[in-house]
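The values are calculated or read from the model by the stated rules, or taken from the named source; none is laboratory data. Because the structure is predicted, anything quoted here is derived from the model rather than measured. Glycine gets a Cβ as well: all are built from the backbone with ideal geometry, and neighbour counts include every protein chain shown. Heavy atoms of the whole protein, side chains included, go into the accessibility calculation; ligands, DNA and RNA do not. Shrake-Rupley method; radii C 1.70, N 1.55, O 1.52, S 1.80 Å.
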Amino acid sequence: MIKPLLILALALCCTVTYAQTARNDKFLDILERELNREVTEFQKVSQIPYFIDYRVNDEESAVISASFGSLTQSYSVRDRALNVHVRVGDYTIDNTHPAEPGVDDFMPGFSMSETSLPLDDNEDAISVALWRATQAEYRSSLEQFKSVKNALAVKKKAEKVPADFSKENAEKYYEAPGPTLSGLFKKEEWEKKVRQYSGLFLGDASIVNADVTISFSVERRYYVSSEGASVVQNSTSIYLYVIAGVRATDGDIVPLHQSYYAPTTAELPGDATIENDIKTMIVTLQKLKTAPLADAYTGPAMLDGSVAGVFFHEIFGHRVEGHRLKSITDGQTFKSKVDEKILPESISVYCDPTVNKFANTFLNGIYQYDDEGVKAQRVNIVEKGILKNFLMSRSPLENFTRSNGHGRATAGISPVSRQSNLFVEAAKTKTTAELRQMLIKECQRQKKKYGYFFKSVVGGFTFTDRYTPNAFNIFPTEVYRVYVDGRPDELVRGVDLIGTPLAMFAEIAAVGDTHQVFTGFCGAESGYVPVSAISPALFVRRIETQKKAQTKVEETVLTAPLLQQNK
């Protein structure tokens, strides 16, 4: 718990020195001057907007990839992406209000209006681009608000609905410019490394793809608003992905994935660790060549920590993102369950974007202020099994009228409420050995020859709307049968973990005592945002699986050239 306090102390220090340091930022000066000019100019129109903001993601990134020891791509790019909001009306009812319930209320305030700004700090060029984007957004918002007023005028009585936008503190926060992309990594060094990593897959003709990709990003995010907010913050990120696939004996292509994240190259695992992980991955791929194809199954299972993290992210996290609960098109699984028990009483769940590390693993969903300029904060969602809160942006709900710092979006898309670092904790836990024994006993009770142990996962998806089954699908990559009669665990392939949220929650019987971290990107209405899920293992009395769709590649006609050379 020390890390969050240190981070908050740093934020306070930066806020105090804002006035002195921010004045040296020419780009920030341009944004604020043009915003203030636009606010003044809008006083001349009949329908004055009540809110304007500019959000700019200034990012420089590089990607290096290799396959089977050969470099396949190496490039870098830079972009300044602008997203403008102009709100017409007032905080209670504005242009984002649904004119027709069930038709255009799926994502309150959602819009994709990315504009690329000049990369140099030319005030005239940037100001013109801001002016054009603001004018276009105002015209669009004005038309939307006219539709809203017309729709409300024909209704017999006013609806009692939450406000369209929340009033928040106008934050002042400034970070001095961080490292440059060239200072983050050495290109030649990492081209050599990815060649070296991917070259470890050479020598087995059944491995049909072996790609290693590393991406580097240096981002500076600006947020200014007509309310007086001014937030400038930096982030650096490095992602290393290892993706390989093997041809099974029946022709099915079976993938495995390994990924790493750190804010700097010095904090990535060393060569020895990564190469050892790849060698372990190759051994598992070789086993998957002859692993049996699993049939559909329903019965007991153990979910290792990273799998359980994805499980909670998909079936729970998306259903407590507040903006969804404003829409009558959403399933609203938990909207009416505040202060009710939805999980076993020993389990608590919270999101905390202020924590940058868990144990020795860096977390991906960290930020100081969200993409609406609201200070990041911990949100206790479930306390001892009882639902207490939702993840909120500036789109209010009944009884949840303020943002809690979870308005997030990728560059150029308007923010909605999204997950950050999702933590699952339990007051009562079991060791791995105890969970395994519970699995075997439950299999015996259900007269099952085996249960399943889900060791690793690559991701998943879920549906939350009312027009499709409210189901989830998680994609495991390493799955074992655990036999009741004491036979060794058996690796299987072709398994998808499926189900519905409330049914699955009811089957959670025990929680492990060791946490694992799953780090990745979550794709939803406001684009892809970085997230982490931190969870212990779970024992579930009943899960359901289905067969995974198979991908087949024709057998090669000729022996691979590199294999001939190695003989």
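Using the Karplus curve 6.51 cos²θ - 1.76 cosθ + 1.60 with θ = phi - 60°, work out ³J(HN,Hα) for each residue of the range 46-55 in order, rounded to whole Hz, and write x for Gly and Pro.
Once θ is set to phi - 60°, the couplings for the range 46-55 become 6, 10, 7, x, 8, 7, 9, 9, 10, 10 Hz.
Over 28 Å between C-alpha atoms is what I'm after, so list which of LYS146/LYS326; LYS384/LYS447; LYS335/LYS447 land there.
Exceeds cut-off: LYS384/LYS447; LYS335/LYS447.
What size of dipole, in debye to the nearest 20, comes out for the chain about its Cα centre when the only charges are +1 on Lys and Arg C-beta atoms and -1 on Asp and Glu C-beta atoms?
Its charge dipole is roughly 1600 debye.
Binned at 10 Å from 0, what are the whole-percent values of the Cα-Cα distance distribution for the range 231-316, short to long?
13, 28, 37, 16, 5, 1
Restricting attention to the range 383-447, which chymotrypsin sites (Phe, Trp or Tyr not before Pro) occupy a DSSP loop and are surrounded by at most 16 other Cβ atoms within 10 Å?
Here no loop site has a sparse enough neighbourhood.
Stick to Cα atoms and the Kirkwood definition of Rh, then tell me Rg/Rh for the range 366-447.
For the range 366-447, the value is 1.21.
Measure up LYS287/LYS428; LYS167/LYS337; LYS193/LYS287; LYS428/LYS455 against 30 Å on the Cα-Cα distance and list the ones that go over.
Checking Cα-Cα distances, LYS287/LYS428 exceed 30 Å.
Kindly provide the helix-only [θ] at 222 nm of the chain, computed as the sum of -39,500 (n - 2.57) over DSSP H runs of four or more divided by all residues, to the nearest 500 deg cm²/dmol?
After summing the helix terms and dividing by residue count, I get -8000 deg cm²/dmol.
So what's the gap between the Cα centers of the range 421-457 and the range 39-79, to the nearest angstrom?
The distance from the Cα centre of the range 421-457 to that of the range 39-79 comes to 44 Å.
Which FRET efficiency, nearest 0.05, do THR290 and SER127 yield, Cβ-Cβ r, R0 51 Å?
Using R0 = 51 Å, I get an efficiency of 0.20.
Can you grab the distance from the C-alpha centre of the range 299-316 to the C-alpha centre of the range 151-214, Å, no decimals?
23 Å
For a quick check of your reading of the filter: which trypsin sites (Lys or Arg not before Pro) in the range 416-463 sit in a DSSP loop and have no more than 10 other Cβ atoms within 10 Å?
Here the trypsin sites (Lys or Arg not before Pro) that fit, given the DSSP loop and packing criteria, are LYS447.
When you have a sec, figure out the Kirkwood radius of the chain from all distinct Cα pair distances and drop it here in Å to one decimal?
Taking the inverse mean of 1/r over all distinct Cα pairs, the chain comes out at 25.8 Å.
Can you send over the carbon and sulfur percentage of the accessible area for the chain, probe radius 1.4 Å, protein chains only?
53 percent
At 1.4 Å probe size, put TYR50, TYR528 in order of accessible surface, largest to smallest.
The ranking, largest first, comes out as TYR528, TYR50.
Rolling a 1.4 Å sphere over the protein heavy atoms, what is the accessible area per residue of the chain, to the nearest Å²?
That works out to 45 Å² per residue.
For ALA136 and ASP277, what does the FRET efficiency come to when R0 = 45 Å and r is the distance between their Cβ atoms, rounded to the nearest 0.05?
Calculated transfer efficiency: 0.40.
Are there any GluC sites (Glu not before Pro) in the range 368-453 that are in a DSSP loop and have at most 15 other Cβ atoms within 10 Å? List them by number.
GLU398
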